[in-house]
Amino acid sequence: MSGSLDQSAQRLKATAQFQALDYDGNGYIELSDYHQAVDGLLAEFSVDGDAPAALDVREQYVALFDRLRARADTDHDGRVSREEFLASVTGSVGRSGGRAIRPVAHAVFTVCDQDRDDHLTTEEFHRFVKAIGGAESQAGAVLSYFAPDGRISRDAFTELLTQFYADGDPSNPLVHFFG
């Protein structure tokens, strides 16, 4: 968890993340992809789309997409190409410290914390990774890195997602979080 910014590690993470976010595989990240991500998360955790937690996570994802589009959509077509995404993410996310992801992380955590004990179990974390298209083979390494006791707190979950975006240390298991 060095916090150093290795551009090749950032690019590797960004490439895998782009592929995971491009739900329809059309080569662009669009608002509909973010809605599909939320739909998959809600379905995995059997959360009704009208529940307060569902509305909050959707609102946070839309806000995240709006920030991405404002920063990365250089041709102003309302969507973000792979090239736009890689240029934006590798150029700015490390410097921002991943601040934009914090409200998203809290909203996602609320959806995933099924027993409302303010910790994710190993099972809940694995379900989260599956729902977002993460590398399930990496879930155990990531979990043990952030929660050696097998339970991850809200703060640790937020730190995990923040580090995914902000930490360029190639030894961090988050580098391979999306494959």
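In the range 103-123, the count of residues that are at pLDDT 95 or above, polar (S, T, N, Q), surrounded by 15 or more Cβ atoms within 10 Å (Cβ to Cβ) and touching a strand residue (DSSP E or B) at 6+ places or on another chain (Cβ under 7 Å) is zero.
Being outside any helix (DSSP H, G or I) and hydrophobic (A, V, I, L, M, F, W, C) is the filter; apply it to the range 12-46 and report the residue that is surrounded by the fewest Cβ atoms within 10 Å (Cβ to Cβ).
Applying the filter and picking the extreme gives Phe45.
Inside the range 129-152, residues that are closer than 17 Å to His106 by Cβ and either surrounded by fewer than 16 Cβ atoms within 10 Å (Cβ to Cβ) or under 12 Å from the mean Cα position of the chain (by Cα) (or both) make up a count of 2. Against the numbered list (1) in contact with a strand residue (DSSP E or B) (Cβ under 8 Å, 6 or more places away or on another chain); (2) over 17 Å from Phe18 (Cα atoms), Ser81 comes up short only at (2).
Does Gly133 meet the test of being modelled with pLDDT under 90 and at positive phi? Please lay out each step first, then the result.
On the way: modelled with pLDDT under 90: yes; at positive phi: yes.
So Gly133 fits the description; yes.
When the range 50-64 is filtered for residues that are of a type in the set (Asp, Glu) and in a helix (DSSP H, G or I), the ones remaining, listed by number, are Asp56, Glu59. Whenever a residue of the range 146-172 is within 23 Å of Gln114 (Cβ to Cβ), its partners that are modelled with pLDDT of 85 or more and among the polar types (S, T, N, Q), lying with C-beta atoms within less than 7 angstrom and at least six residues away or across chains, give the pairs Gly150/Thr122; Arg151/Thr121. Answer yes or no: is there a residue in the range 125-144 that is under 17 Å from Val57 (Cα atoms), part of a loop (DSSP other than H, G, I, E, B) and either among the acidic types (Asp, Glu) or out of contact with any Ser or Thr (no Cβ under 6 Å at 6 or more places or on another chain) (or both). Yes, that holds for at least one residue.
The values are calculated or read from the model by the stated rules, or taken from the named source; none is laboratory data. None of the values given here were measured: they were computed from a predicted structure. Reconstructed Cβ throughout: ideal geometry from the backbone, glycine too, with neighbour counts over all protein chains shown.
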